[in-house]
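To start, the structure itself, in structure tokens.
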Amino acid sequence: MSNVFDYAPAPESRSIVDIKPSYGLFIGGEFVDGSGSSFKTINPATEEVLAEVAEADAADVDRAVQAARRAYDKVWSKLSGAERAKYLYRIARIIQERSRELAVLESIDNGKPIKESRDVDVPLVAAYFFYYAGWADKLKYAGFGTTPLGVAGQVIPWNFPLLMLAWKIAPALACGNTVVLKPAETTPLTALLFAEICQQADLPPGVVNIVTGAGATGQALVEHEGIDKVAFTGSTDVGKAIARSVAGTDKRVTLELGGKAANIVFDDAPIDQAVEGIVNGIFFNQGHVCCAGSRLLVQENIAEDVLGRLKRRMATLRVGDPLDKNTDVGAINSAAQLARIRELSEVGAAEGAEAWSAPCELPSQGFWFAPTVFTGVTQAHRIAREEIFGPVLSVLTFRTPAEAVEKANNTPYGLSAGVWTEKGSRILKIADKLRAGVVWANTFNKFDPTSPFGGYKESGYGREGGRHGLEAYLR
Ligand code: TAP
């Protein structure tokens, strides 16, 4: 991805964004007061309160759904694909124009390093809007029908706040639906800045509505009788509860849930390249990645060599201020998430695995966890089975390709996997046997709007991205 900044954003880049003391809900094209309650969003790197944000209750959600329905009936469903595309292109261009502001705000509210929000998240957000703008007038070639579903209720997590918004809103609008989206409680700010962008693009009022709040707001949205479609990204537990709550209704549902991906390194792999892939696989975005390569499966005869090089590489990772362009690993998104990472790491040690953490000085304020690798992990260990969603890697070994596949598939999840080998034929054979929605070969964590993404088993169902991503929003 090209670098959208012409200079390094320093901590004072904070002045690039105008964070208001308080935010309302975005309903019917304008910011409105909620029914009363609010919550604070904080900077996880400093614990400083950033803003007071309205908490939508069921009545607010109802207002938003009604606004989306009116916009659908009166305006959006009547526009041609080419007319819808114009708005989506306009939004994509404004995202590019305001990319610096979006990247800085994303890093402040989420804790992710600026070089990731700047070079990965925000450019991809624009790319998804451009990509789906291109589909809006070509839906008859997609092969899924051309009738939109109506109003989509969309609920997203905190790890890629803007990117998950783009994955949800861009295809929905391209297909002619209107949306009510709930961002995660800990990262509402970029969704609210996106609402401003919708105003700037003159998007007809009510086509996009943003309701902020906690789990209860999400629940009120997915259970609302006025929506035709639920699109959810988040944990498997909440995904299951949503599937139960919509059972027996005619709402369509897509669920993008958790993962415990295997990153498989064979002895013929280019080792230094594989070590970079392992580091990117688990430490990108502090490991707050559903498809993170959180289980390293390394062939036994090279395990020692790989681990030695991995630890040397981990020792060079810079952990700290998300707004410093040299930072590799930023802040953990919340106190609750930090507690979960600590708890599972303690369980790993108690169960007999051996922890090694990169030597680094962690800031005294904020939520931090040093990049950590566990060796001596067995398949029975909780750190090999449960999603940690943090910068913690569990290492297991294998001797044969068949054993690698068996261990890789030995998880209730099935979102992604990585294979490192020089042999093209082995890549194809192994990829065919892995029960994972995405398999990367000699790379990891690569995303592209043309490429469908989604899970098997408890990682959910439905695909986002690419032509397949349109199916979720068409009848
Ligand atoms: P969740 O706790 O499931 O939260 C996801 C979203 O759902 C948040 O907006 C949350 O609100 C809301 N929510 C909570 N309870 C709800 C309910 N009963 N009904 C409706 N909405 C509800 O997950 P998380 O901790 O934010 O995110 C981490 C999880 O997401 C991980 O398991 C990760 O693997 C998964 N994830 C998956 C993917 C893909 S593409 N498969 C991508 C990113 C993340 P609050 O913010 O208030 O909790």
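The values are calculated or read from the model by the stated rules, or taken from the named source; none is laboratory data. What you see is a predicted model, and the numbers here were worked out from it, not measured in a lab. Using ideal geometry, Cβ is built from the backbone for each residue, glycine included, and neighbour counts are taken over all protein chains shown. When the accessible area is computed, the model is the full protein with side chains, heavy atoms only, and any ligands, DNA or RNA have been set aside. Shrake-Rupley method; radii C 1.70, N 1.55, O 1.52, S 1.80 Å.
Can you list the GluC sites (Glu not before Pro) in region 13-87 that are in a DSSP coil and have 12 or fewer other beta carbons within 10 angstrom? Counting only loop positions with at most 12 other Cβ atoms within 10 Å, the GluC sites (Glu not before Pro) in region 13-87 are Glu47, Glu48.
Entry note: region 176-226 has Rg to Rh equal to 0.99, where both radii use alpha-carbon atoms and Rh is the Kirkwood radius. Of all DSSP beta bridges confined to region 306-396, the antiparallel ones make up roughly 50%.
For the pair Arg244 and Gln200, a Förster radius of 51 Å applied to the C-beta separation gives a FRET efficiency near 0.80, rounded to the nearest 0.05.
Partners of Lys112 within straight-line reach, counting aspartates and glutamates whose Cα lies under 18 Å from its Cα and excluding those fewer than 8 residues away in the same chain: Glu12, Glu47, Glu48, Glu101, Asp121, Glu185, Asp321, Asp324, Asp328, Glu361. Straight-line cross-link reach from Lys251 at under 15 Å between alpha-carbon atoms covers these aspartates and glutamates, not counting any fewer than eight positions away in the same chain: Glu223, Glu225, Asp228, Glu471.
In the structure displayed, which of Lys74/Lys138; Lys168/Lys457; Lys182/Lys325; Lys311/Lys457 lie more than 24 Å apart, Cα to Cα? Display every interim value, and only then the final one.
On the way: Lys74/Lys138 22 Å; Lys168/Lys457 21 Å; Lys182/Lys325 30 Å; Lys311/Lys457 33 Å.
Violating the 24 Å limit, Cα to Cα: Lys182/Lys325; Lys311/Lys457.
Only loop residues by DSSP count here, and only those with at most 16 other Cβ atoms within 10 Å; note down the GluC sites (Glu not before Pro) in region 199-282 that meet that. Please list the in-between numbers first.
Numbers: sites: Glu223, Glu225, Glu256, Glu276; in loops: Glu225.
Filter output for region 199-282: Glu225.
Only one residue of Thr146, Ile114, Gly134 has its Cα farthest out toward the positive end of the dipole of region 109-161, where Lys and Arg carry +1 and Asp and Glu -1 on Cβ, and that residue is Thr146.
What percent do you get for the relative contact order of region 1-140 when only Cα pairs under 8 Å and 6+ apart count?
On the way: 165 pairs, mean separation 38.8, N = 140.
Once normalised by length, the contact order is 28 percent.
Just the number, please: Stokes-Einstein D of region 102-161 in µm²/s, Kirkwood Rh from C-alpha pairs, 37 °C, 0.692 mPa s. Result for D is 237 µm²/s. In terms of accessible area, using a 1.4 Å probe and ignoring ligands and nucleic acids, Glu116, Glu304 rank largest first as Glu304, Glu116.
For Asp237 and Asp33 in the same chain, what is the full-extension length gain: residue separation times 0.36 nm, less their Cα-Cα distance, in nm?
Values: separation 204, 0.36 × 204 = 73.44 nm, distance 3.13 nm.
Full-extension gain reported as 70.3 nm.
Over region 271-409, what is the mean sequence separation of C-alpha contacts under 8 Å (at least six apart), divided by residue count, expressed as relative contact order in percent? Walk me through the numbers on the way to the answer.
Working: 213 pairs, mean separation 43.3, N = 139.
Averaging sequence separation for qualifying contacts and normalising by length gives 31 percent for region 271-409.
How much of Phe447 can a 1.4 Å solvent probe reach, expressed as accessible area in Å² and rounded to 10? Probe radius 1.4 Å; accessible area of Phe447 about 40 Å². When +1 charges are put on Lys and Arg Cβ atoms and -1 charges on Asp and Glu Cβ atoms, the dipole computed for the chain relative to its Cα centre reaches about 1420 debye.
I need the shape label for region 116-254. Rule: rounded when a/c is under 1.5, else prolate if a/b > b/c, else oblate, with a, b, c from the alpha carbon gyration tensor. Can you show the working numbers first?
Values: a/c = 1.56, a/b = 1.09, b/c = 1.43.
Oblate, because a/c is 1.5 or more while a/b does not exceed b/c.
The amide H of Ile42, built 1.01 Å from its N in the peptide plane, has Leu50 as neighbours under 5 Å, considering only residues 5 or more places off or on other chains.
Each of Gly414, Gly258, Ile383 was placed along the dipole of the chain (beta-carbon charges, centred on the mean Cα), and the one lying farthest toward the positive end is Gly414. Applying the criteria of a DSSP loop state and at most 13 other Cβ atoms within 10 Å to the GluC sites (Glu not before Pro) of region 327-409 yields Glu361. Here region 46-196 is assigned +1 on the Cβ of each Lys and Arg and -1 on the Cβ of each Asp and Glu. Its dipole about the Cα centre then comes out at about 1040 debye.
How much of the pair distance distribution for region 355-455 lies past 17 Å, counting alpha-carbon pairs only, in percent?
Values: 3164 of 5050 pairs.
Counting every Cα pair in region 355-455, those more than 17 Å apart make up 63 percent.
Calculated [222 nm] ellipticity per residue, helices only, for the chain: -11500 deg cm²/dmol; basis is -39500 (n - 2.57) per DSSP H run with n ≥ 4, divided by all residues, nearest 500.
Using R₀ = 30 Å, calculate the FRET efficiency as 1/(1 + (r/R₀)^6) where r is the Cβ-Cβ separation of Glu97 and Arg318; round to 0.05. Once rounded, the FRET efficiency stands at 0.50. Using the empirical formula 2.2 N^0.38 Å as the baseline, the Cα radius of gyration of region 189-343 reaches a ratio of 1.39.
Annotation: region 291-361 has a Kirkwood hydrodynamic radius of 14.5 angstrom, from the mean reciprocal C-alpha pair distance.
Charge tally around Ala436: other residues with Cβ under 15 Å, Lys/Arg +1 each, Asp/Glu -1 each, net +4.
Shape annotation for region 256-384: C-alpha extents along the principal axes are 42, 32, 32 Å, from largest to smallest.
With Cα atoms defining each centre, region 137-178 and region 384-462 are spaced 26 Å apart in the structure.
Please list Trp158, Trp167, Trp356 from largest to smallest accessible area, probe radius 1.4 Å, with all protein chains kept in place.
Details: Trp158 45, Trp167 15, Trp356 75 Å².
Result of the area sort, largest leading: Trp356, Trp158, Trp167.
Nothing charged except the Cβ atoms of Lys and Arg (+1) and of Asp and Glu (-1): what's the magnitude of the dipole of region 302-351 about its Cα centre? Round to the nearest 20 debye. Spell out each step's value before the answer.
Details: 8 positive and 8 negative charges, 43 e Å.
In debye, rounded to 20, region 302-351 gives about 200.
Based on DSSP, what percent of beta bridges with both residues in the chain are antiparallel, to the nearest 5? Walk me through the numbers on the way to the answer.
On the way: 17 of 57 bridges.
The antiparallel fraction comes to roughly 30 percent.
For region 53-121 versus region 226-274, the spacing of their alpha-carbon centroids is 22 Å. Using only the C-alpha atoms, the convex hull of the chain corresponds to 134 Å³ per residue. Here is the size of region 251-332 from its Cα atoms: Rg then Dmax, 15.2, 52 Å.
Toward the positive end of the charge dipole of the chain, about the Cα centre and with charges on Cβ (Lys, Arg +1; Asp, Glu -1), which of Leu193, Thr450, Phe26 goes farthest? The residue sitting farthest along the positive end of the dipole is Thr450. Counting Cα-Cα pairs of region 36-163 in 10 Å increments starting at 0 gives whole-percent bin shares of 11, 28, 35, 22, 4. Spacing of the modelled spin labels on Glu406 and Glu351, each 7 Å from Cα toward Cβ, amounts to 1.9 nm.
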